[in-house]
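K.L.:
Attaching a single structure in structure tokens format; questions to follow.
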Amino acid sequence: MGYKSGNIDLHIHSSASDGSLSPEQILGHAIECGLAAIAITDHDAVEGAAAVLRRGIPENLDFITGVEISAGFPSEFDIPGSMHILGYGFSIDDPNLNLLLTQQQQARSSRNPKIIEKLNGLGIRVTLEQIEAETGKQEIARPHIAAHLVRKGFAANIEEAFDRYLARGRPAYVDKFRIPAEKAVSAIGSSGGISVLAHPGLLPDSLQTRPEKFISIMVGMGLGGIEAYYPGHSPEQTAEFEKIAEKHGLLITGGTDFHGDINPQISIGKGLGNMAVPYEVFRRLTKALAYKKT
């Protein structure tokens with residue numbers, strides 16, 4: 001891989017999870033927007049990245065395998081809910097990683113009927129069959145349910161659907177199994193990849209006052225990087241995460257968390273309009289992966 005310039009986006013969701021664009025459409029969109037490199041990081045799924053590898057990567061676009069795993073917080077922190085761990089450069093066919101992701105997908109599938117049951121109990125008459133027909137998918141996630149609620153007129157937008165019904169503490173919320181953080185980091189590493197803490201600025205408030213302690217524990221598990229560049233981060237947060245990364249010898253990555261029509265205010269490669277992650281970030285990541293393989 002020779003020297004290149006341009007911007008990149010290493011946090012993109014396709015229709016293989018809860019994005020609205022197919023992997024092939026994402027490739028075309030990325031080229032139209034002049035991006036130099038991308039990663040498709042679907043939630044608990046590698047089918048989107050695998051589809052790109054099968055199709056073939058255009059000569060003018062660099063690509064790396066990716067995934068975003070919903071994991072439980074380390075046992076040192078008594079925090080409910082999920083944190084997100086990105087994985088890059090792993091073997092797409094690794095059996096251990098794929099087994100973990102299958103378990104996570106099954107947990108989500110068993111959760112969905114309970115969410116629908118709670119919505120029905122609130123007088124909201126929706127079915128999984130309607131949502132599957134609407135999306136053309138059998139793997140349904142909460143954003144799909146939220147989008148259906150919007151289309152049925154039960155919420156003005158997806159954010160309101162979560163705030164009123166689907167978020168933690170709301171009347172249709174259902175908890176789910178989560179891969180332990182250490183297990184997720186280990187699986188990414190053993191499959192040849194590098195694990196990265198996704199959007200640390202979105203961690204719970206209890207961790208925002210002590211992010212370095214949390215990140216140092218993750219480093220002890222094998223964490224390899226921090227997603228410092230993210231649309232939801234302030235300049236001050238980005239600078240802080242860059243400083244923490246340098247202190248702990250971590251890679252810095254960045255991406256928009258693009259979902260297409262599911263979150264239309266976020267543009268691929270640009271986030272809210274002013275984001276620009278340089279190609280050097282991708283070069284350092286791939287260099288670290290090459291070093292790891294040797």
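The values are calculated or read from the model by the stated rules, or taken from the named source; none is laboratory data. Source: prediction; values computed, not measured. No Cβ is skipped: glycine too gets one built from the backbone with ideal geometry, and neighbour counts run over all protein chains shown.
K.L.:
How many residues are among the hydrophobic types (A, V, I, L, M, F, W, C) and either modelled with pLDDT under 90 or closer than 13 Å to A141 by Cβ (or both) when one looks only at region 96-111?
P.N.:
Number satisfying all stated conditions: 1.
K.L.:
If you take just the strands (runs of 3 or more DSSP E) that sit entirely in region 186-269, which of them hold at least 3 residues that are aliphatic (A, V, I, L, M) and touching a helix residue (DSSP H, G or I) at 6+ places or on another chain (Cβ under 9 Å)?
P.N.:
194-197
K.L.:
To continue, here is another question. Checking L149 against (1) at pLDDT 90 or above; (2) closer than 24 Å to A181 by Cβ; (3) not in a strand (DSSP E or B), which single condition isn't satisfied?
P.N.:
Among (1) at pLDDT 90 or above; (2) closer than 24 Å to A181 by Cβ; (3) not in a strand (DSSP E or B), the lone unmet condition for L149 is (2).
K.L.:
Among the candidates G269, G222, G232, G249, single out the residue that is small (G, A, S), modelled with pLDDT of 95 or more and within 16 Å of the chain's Cα centre (by Cα).
P.N.:
Among G269, G222, G232, G249, only G269 is small (G, A, S), modelled with pLDDT of 95 or more and within 16 Å of the chain's Cα centre (by Cα).
Residues checked against (1) of a type in the set (S, T, Y); (2) more than 24 Å from I262 (Cα to Cα); (3) touching a strand residue (DSSP E or B) at 6+ places or on another chain (Cβ under 9 Å); (4) without any contact (Cβ under 8 Å) to a residue 60 or more places away in the chain:
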site: S70; (1), (2), (3), (4): yes, no, yes, no
site: F73; (1), (2), (3), (4): no, yes, yes, no
site: Q106; (1), (2), (3), (4): no, no, no, yes
site: V150; (1), (2), (3), (4): no, no, no, yes
site: F154; (1), (2), (3), (4): no, no, no, yes
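K.L.:
Let me ask you something else. Looking at S109, S15, which is the one that is in contact with a Pro (Cβ under 8 Å, 6 or more places away or on another chain) and either at negative phi or of a type in the set (D, E) (or both)? If you could, list the steps in order and put the result at the bottom.
P.N.:
Values: S109 fails: in contact with a Pro (Cβ under 8 Å, 6 or more places away or on another chain).
Just a single option satisfies the conditions, and that option is S15.
K.L.:
Against the condition touching a Phe, Trp or Tyr at 6+ places or on another chain (Cβ under 6 Å), crowded, with 23+ Cβ neighbours inside 10 Å and either assigned to a loop (DSSP other than H, G, I, E, B) or of a type outside the set (K, R) (or both), how does I8 come out, does it pass? Talk me through it step by step, then tell me what you get.
P.N.:
Numbers: touching a Phe, Trp or Tyr at 6+ places or on another chain (Cβ under 6 Å): yes; crowded, with 23+ Cβ neighbours inside 10 Å: yes; either assigned to a loop (DSSP other than H, G, I, E, B) or of a type outside the set (K, R) (or both): yes.
So I8 fits the description; yes.
K.L.:
Another question, if that's okay. Among all residue pairs at least 6 apart or on different chains, which show Cβ distances below 8 Å where the first residue, located in region 1-22, is among the basic types (K, R) and the second is surrounded by 23 or more Cβ atoms within 10 Å (Cβ to Cβ) and modelled with pLDDT of 95 or more?
P.N.:
Cβ pairs passing all conditions: K4/A37.
K.L.:
Can you find, within region 121-170, the residue that is surrounded by the most Cβ atoms within 10 Å (Cβ to Cβ) among those that are of a type in the set (D, E, K, R) and closer than 25 Å to L101 by Cα?
P.N.:
The residue in question is R142.
K.L.:
In region 11-42, how many are closer than 24 Å to I145 by Cα and part of a strand (DSSP E or B)?
P.N.:
Of the residues in region 11-42, 3 are closer than 24 Å to I145 by Cα and part of a strand (DSSP E or B).
K.L.:
Just to be sure I understand, how many residues within region 246-269 are over 16 Å from S14 (Cβ atoms) and touching a Ser or Thr at 6+ places or on another chain (Cβ under 7 Å)?
P.N.:
Residues that pass the stated criteria total 1.
K.L.:
While we're looking at this one, here's another question. Hey, A50 hits all of (1) under 21 Å from G28 (Cα atoms); (2) not acidic (D, E); (3) not in a helix (DSSP H, G or I) but one; which does it fall short on?
P.N.:
(3)
K.L.:
If you don't mind, there's one more thing I want to ask. Scan region 54-66 and give yes if some residue there is over 20 Å from G271 (Cα atoms), at pLDDT 95 or above and under 18 Å from the mean Cα position of the chain (by Cα), otherwise no.
P.N.:
Yes.
K.L.:
Please work out which one of (1) among the hydrophobic types (A, V, I, L, M, F, W, C); (2) in a loop (DSSP other than H, G, I, E, B); (3) without any contact (Cβ under 8 Å) to a residue 24 or more places away in the chain is the condition L99 fails and give its number.
P.N.:
That leaves (2) as the condition not met.
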